[in-house]
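Asker: Let me give you the structure first, and then I'll get to my questions.
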Number of protein chains: 2
Amino acid sequence: MGKADIRESQDRFVAAWGQMGSAWGISRTMAEVHALLYITGQPLCTDDIMERLQISRGNASMSLRALVDWGIVEREHRRGDRKEYFRAEQDVWAMFRAIVRERMKREADPLRAALYEIRDSTIGRAGVDPGPELASHNRRLDELIRFFHTLEGVSNSFVSPAGRGLQAAAKILGYVGGALSGPKPENTEADPDTKEAI
Amino acid sequence: MGKADIRESQDRFVAAWGQMGSAWGISRTMAEVHALLYITGQPLCTDDIMERLQISRGNASMSLRALVDWGIVEREHRRGDRKEYFRAEQDVWAMFRAIVRERMKREADPLRAALYEIRDSTIGRAGVDPGPELASHNRRLDELIRFFHTLEGVSNSFVSPAGRGLQAAAKILGYVGGALSGPKPENTEADPDTKEAI
DNA sequence: GGATTGTTTCAATTTTTCCTGAAAATTGGC
DNA sequence: GCCAATTTTCAGGAAAAATTGAAACAATCC
């Protein structure tokens, strides 16, 4: 179990993480850079990363910046050294929260906005019978909107700091589960309008 | 608000859903086919879909099969008609559960298996001091494994049928939240070993 | 303030993924 | 069992995404 073994183990982790990333719409390299920073636990500079992953400077720079934007990697400076170093968030739950926060913001929110927009421009004039086809079209859009609304509520409370967020999210989920089928869980004062709850 | 308006509204939904899909590692077309089936609510045949989305027969066939594999679209036959028709799951939560189930199975499970494999081949000989570097490497892997273990537990209970699943998932989440910081929530008998819980 | 070290940007290229269309296989009706 | 309608497969081509590398830019030191 020497340094070489650890290095190989790290490389395997990097590969596995990179593969997972690409299944989730994240560029393989970006996921690999993150994996490397996480698994080494050390702050690394651009050159370290380029060498270790055999990627170009441009690619490393882009990936690092994206990771910093996502909030799961941070820059670090050292006195007497002009290089920038990068360090990955080491708390897995904090990392997960950052990812959820970011993906909701980038993907779910715009989709929800689009859904509202679509519904509002098709809902038909007030007082006029929409006809069965439009009615069920609107119903489907509404159900989806409701779903995303709930999802956003759960995610918002989850994303708030520390374990508190997890418990808040659990509460809302429990409430939603209750509302969907069967009696409410006891001891829950969470608002069904999940956006405001917690 | 005529048929043409509904059609346009559907098209906009299809486009929005397709875009979201591609951000999540699902081919745009596959997401669009699903969107079309969901938003029309009607069973459609391959030709309907080809024409509406302007895609090739091969593409339509592949996308439909994938959707069926995912469990969010089902085949439908009609007497005296050799065509196959396809109908999308209309319950948004059921759809979400199917997606979670499938993605866990395809991506999280293999990753977790890989993590175990990596850890077990690097953990060092029993009784031999691993040294600080290997120790913290192993700790990081373990934390990740624990995280995925928990995630799997939450997802497994969630994925079980109906609102029950949601509540079960909420319970586990609440427990995890409690364990991570602060006191346990009351009224929770969920096993911390989430895999077996529920 | 100029030299040096380090970072970012982006057009060109490579790689990957997706899609097409026609051929092969399958299915249902008779 | 045969035929025609329908579906599936897959090699090749098209489109999209990721990556490189070099030039522009920025920061730091002396």
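The values are calculated or read from the model by the stated rules, or taken from the named source; none is laboratory data. Every value quoted in this text rests on a predicted model; they were computed, and no experiment measured them. Virtual Cβ from ideal backbone geometry, glycine too; neighbours counted across all protein chains shown. Accessible surface areas use protein heavy atoms only, side chains included; no ligands, DNA or RNA. Shrake-Rupley method; radii C 1.70, N 1.55, O 1.52, S 1.80 Å.
Asker: What average number of partner chain Cβ atoms lie no more than 10 Å from the Cβ of the residues making up B:15-24?
Answerer: Numbers: counts 2, 8, 4, 0, 4, 6, 1, 1, 9, 6.
Whole-number average of other-chain Cβ neighbours for B:15-24 is 4.
Asker: Using a 1.4 Å probe and ignoring any ligands, DNA or RNA, find the accessible area of B:HIS34 and quote it in Å² to the nearest 10.
Answerer: Accessible surface of B:HIS34 is approximately 10 Å².
Asker: How big is the C-alpha Rg of the protein assembly as shown next to the rule-of-thumb value 2.2 N^0.38 Å, as a ratio?
Answerer: 1.11
Asker: Could you work out how far apart the two model spin labels at B:GLU133 and B:GLU8 are, taking each label as a point 7 Å from the Cα in the direction of the beta carbon, and quote it in nm?
Answerer: 6.6
Asker: Roughly how many Å is it from the Cα centre of segment A:15-34 to that of segment A:117-156, as a whole number?
Answerer: Distance between centres, Cα-based: 36 Å.
Asker: I've got another one for you. Direction-averaged shadow area of the convex hull around the Cα atoms of chain B, nm²?
Answerer: Values: hull surface 68.7 nm².
If I average the Cα hull's projected area over directions, I get 17.2 nm².
Asker: Another question about this same structure. Would you mind finding the longest exposed-site-free stretch of chain B, with exposed GluC sites (Glu not before Pro) meaning DSSP loop and at most 16 other Cβ atoms within 10 Å? Working shown, then result.
Answerer: On the way: sites that count: B:GLU186, B:GLU189, B:GLU196.
Between the exposed loop sites, the longest stretch runs B:1-185.
Asker: Now for a different question. Enumerate the aspartates and glutamates that A:LYS3 could reach by cross-link, defined here as Cα to Cα under 15 Å, with residues fewer than 8 away along the same chain left out.
Answerer: Reachable aspartates and glutamates: A:ASP11, B:ASP129, B:GLU133.
Asker: So the label point sits 7 Å from Cα along the Cα-to-Cβ vector; using that for A:GLU133, what distances do you get to the other copies, in nanometres, sorted shortest first?
Answerer: Label point to label point, same position, other copies: 7.0 nm.
Asker: Then there is this: Which of B:ALA113, B:ALA31, B:ALA94 ends up with the largest GNM mean-square fluctuation for chain B, with Cα atoms connected below 10 Å?
Answerer: It is B:ALA113.
Asker: Kindly sort B:LEU64, A:LEU180, A:LEU44 by accessible area of their heavy atoms, largest first, with the probe set to 1.4 Å.
Answerer: On the way: B:LEU64 5, A:LEU180 90, A:LEU44 25 Å².
Final ranking, largest accessible area leading: A:LEU180, A:LEU44, B:LEU64.
Asker: If you put a point 7 Å past Cα along the Cβ direction, how far is that point for B:LYS3 from the same point in each other copy, in nm, smallest first?
Answerer: Here the equivalent label points are 7.4 nm apart from this one.
Asker: Further question: Considering chain A as a Gaussian network with a 10 Å cut-off on Cα pairs, which listed residue, A:THR40, A:THR29, A:THR150, attains the greatest mean-square fluctuation?
Answerer: Among A:THR40, A:THR29, A:THR150, the largest mean-square fluctuation in the Gaussian network model of chain A belongs to A:THR40.
Asker: Same structure again: Using the 7 Å Cα-to-Cβ label point, sort the distances from A:ASP91 to its equivalents in the other copies shortest first and give them in nm to one decimal.
Answerer: Ordered by increasing distance: 3.8 nm.
Asker: Report, in degrees rounded to the nearest 10, the 0 to 90 angle that the Cα long axis of helix A:131-159 makes with the longest principal axis of chain A.
Answerer: 40
Asker: Mind checking the full-extension length gain between A:GLU143 and A:ALA94? Use 0.36 nm per residue of separation minus the Cα-Cα distance, one decimal, nm.
Answerer: Numbers: separation 49, 0.36 × 49 = 17.64 nm, distance 3.10 nm.
Additional length available on full extension: 14.5 nm.
Asker: What whole-number volume per residue, in cubic angstrom, does the convex hull of the C-alpha atoms of segment B:92-180 give?
Answerer: 102
Asker: Among the aspartates and glutamates, select those whose C-alpha is under 12 Å from the C-alpha of A:LYS105, and discard any that sit fewer than 8 residues away in the same chain.
Answerer: Within the straight-line limit of under 12 Å, A:LYS105 reaches these aspartates and glutamates: A:GLU152.
Asker: Here is a follow-up. Can you give the mean number of other chain Cβ atoms that lie within 10 Å of the Cβ atoms in peptide B:136-143?
Answerer: Numbers: counts 6, 9, 2, 2, 9, 4, 0, 5.
Mean partner-chain Cβ count within 10 Å for B:136-143: 5.
Asker: Can you find, among B:LEU134, B:TYR85, B:PRO110, the residue farthest towards the positive end of the dipole of chain B? Put +1 on the C-beta of Lys and Arg, -1 on that of Asp and Glu.
Answerer: My answer, from the dipole projection, is B:TYR85.
Asker: From largest accessible area down, sort A:SER136, A:SER61; use a 1.4 Å probe on the protein chains.
Answerer: Numbers: A:SER136 30, A:SER61 65 Å².
Putting A:SER136, A:SER61 in descending order of accessible area: A:SER61, A:SER136.
Asker: Can you give me the distance in nm between label points at B:SER56 and A:MET62, each placed 7 Å from the Cα along the Cα-to-Cβ direction?
Answerer: With each label point 7 Å from Cα toward Cβ, the separation is 2.8 nm.
Asker: To continue, here is another question. Ordering B:ARG87, A:ARG139 by how much accessible area each has at a 1.4 Å probe, largest first, what is the list?
Answerer: My answer, sorted largest first, is A:ARG139, B:ARG87.
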